[in-house]
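S.K.: Dumping the structure here so I can ask a few things about it.
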Amino acid sequence: MTDANQQSKGLALVTGGSGGLGRAIASRLGSDGYFVIVHYNSNSKSADETAAAIRANGGRAQSLGFDVSQAAQIESALDGFSKEHPNLSWDVLVNNAGRHNDTLVGFMSDDAFDSVMKTNAYGPFYLMRYFVKKMMRKRSGAIVNISSLAGQTGNPGQFNYAASKAALIAMTKTLAMEVGSRGIRVNAVAPGLIETEMIEEIPQLEEMKKRIPLGRLGAAKEVAGAVSFLCSPDSSYITGATLSVNGGMFPA
């Protein structure tokens, strides 16, 4: 494990870093110079591999496990890390962890709705509450929330998922208003159809591709590039925005 007390650009937490999109975001922030904390819930092996790949490319990273839907677990894990490395500060939060449980509303159980909201909306709330307190002390920081095209347009069969991602956009706008005067920027990225392992679960994918003006699926690295931009000084006058990365499928 790389010594986290080595000098770095700053600490960046990427939740859901063991998945395809999270892996791309973590890798990009690692190449940008951040010390990346690759979060996982259950897939520690994949998160360890992501962190190892960042280190192999000359970056700094380590994995950290907790359930984003449990506030106590979040605070315990992050407080524990901070106590081990008191000279490091949290500079970037990327709320990427998410889940879906798709079905039509008439057949949707309470648990199917609650579980998606707990991960996709409550989780980012818990994490933003934690990070804002840390970032306000140093009057700087960047938060990027990974929403979805579904949160902007709705999507049949994804009542719970679309609701959670729309909530994330509203939370982004509101928090940006609350903490902008403290030097903290809060933005969202709304990916469209991106080539990750989740794409295989989408029905009628070929038909949906025909609706994309650019004529192709997006790549995870293209979403990672948008996140990198929103964490960088190049976006220093951007907050409360939602950057759509969808090939023109929904111009926003």
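S.K.: Taking H as built 1.01 Å from N, whose amide H comes closer than 5 Å to the amide H of Gly141, not counting residues under 5 places away?
M.R.: Residues meeting the amide H criterion: Arg185.
S.K.: Which far-off residues, 5 or more places away or on another chain, put their amide H under 5 Å from the one on Leu193, with H placed in the peptide plane?
M.R.: Gly218
S.K.: Still on this structure: Wrap a convex hull around the Cα atoms of region 107-164, take a quarter of its surface area, and give that in square nanometres.
M.R.: If I average the Cα hull's projected area over directions, I get 4.5 nm².
S.K.: How long is the gain from Ala219 to Phe250 if the chain were fully straight, where each residue apart is worth 0.36 nm and the alpha carbon distance is subtracted?
M.R.: 9.5 nm
S.K.: May I ask you to derive the FRET efficiency for Asn87 and Lys173 from their Cβ-Cβ distance with R0 = 30 Å, giving the value to the nearest 0.05?
M.R.: Approximately 0.35, to the nearest 0.05.
S.K.: While we're here: With the crude spin-label approximation of a point 7 Å out along Cα→Cβ, what separation in nm comes out for Ser232 versus Ala56?
M.R.: For Ser232 paired with Ala56, the spin-label model returns 2.5 nm.
S.K.: Okay, next question. Per-residue HN-Hα couplings for region 16-31, Karplus 6.51 cos²θ - 1.76 cosθ + 1.60 at θ = phi - 60°, whole Hz, x for Gly and Pro?
M.R.: x, x, 8, x, x, 5, x, 5, 5, 5, 4, 5, 5, 5, x, 5
S.K.: Distance between Cα centroids, region 184-252 to region 106-149: provide it in whole Å.
M.R.: Taking the Cα centre of each part, region 184-252 and region 106-149 sit 18 Å apart.
S.K.: Quick check on the chain: helices-only [θ] at 222 nm, where DSSP H runs of length 4 and up contribute -39,500 (n - 2.57) each and the sum goes over total residues. Nearest 500, please.
M.R.: -13000 deg cm²/dmol
S.K.: 5 Å is the cut-off here: which amide hydrogens, built 1.01 Å from N in the peptide plane, fall below it relative to Leu64, excluding neighbours closer than 5 in sequence?
M.R.: Val38, His39, Tyr40
S.K.: Roughly what would the spin-label model give for Ser44 and Arg139, points 7 Å off Cα along C-beta, in nm?
M.R.: 4.2
S.K.: Can you return the lysines within cross-link range of Lys209? Criterion is Cα-Cα under 25 Å, with same-chain partners fewer than 8 residues away left out.
M.R.: Lys165, Lys221
S.K.: Å³ per residue of the Cα convex hull, for the chain?
M.R.: Dividing the Cα hull volume of the chain by its residues yields 121 Å³.
S.K.: Just in region 169-233: which trypsin sites (Lys or Arg not before Pro) are loop by DSSP and have at most 16 other Cβ atoms within 10 Å?
M.R.: Filter output for region 169-233: Lys210, Arg211, Arg216.
Where a number appears in this text, it was derived from the coordinates with a stated rule and is not lab data. This is a predicted model, so every value here is computed, not measured. Reconstructed Cβ throughout: ideal geometry from the backbone, glycine too, with neighbour counts over all protein chains shown.
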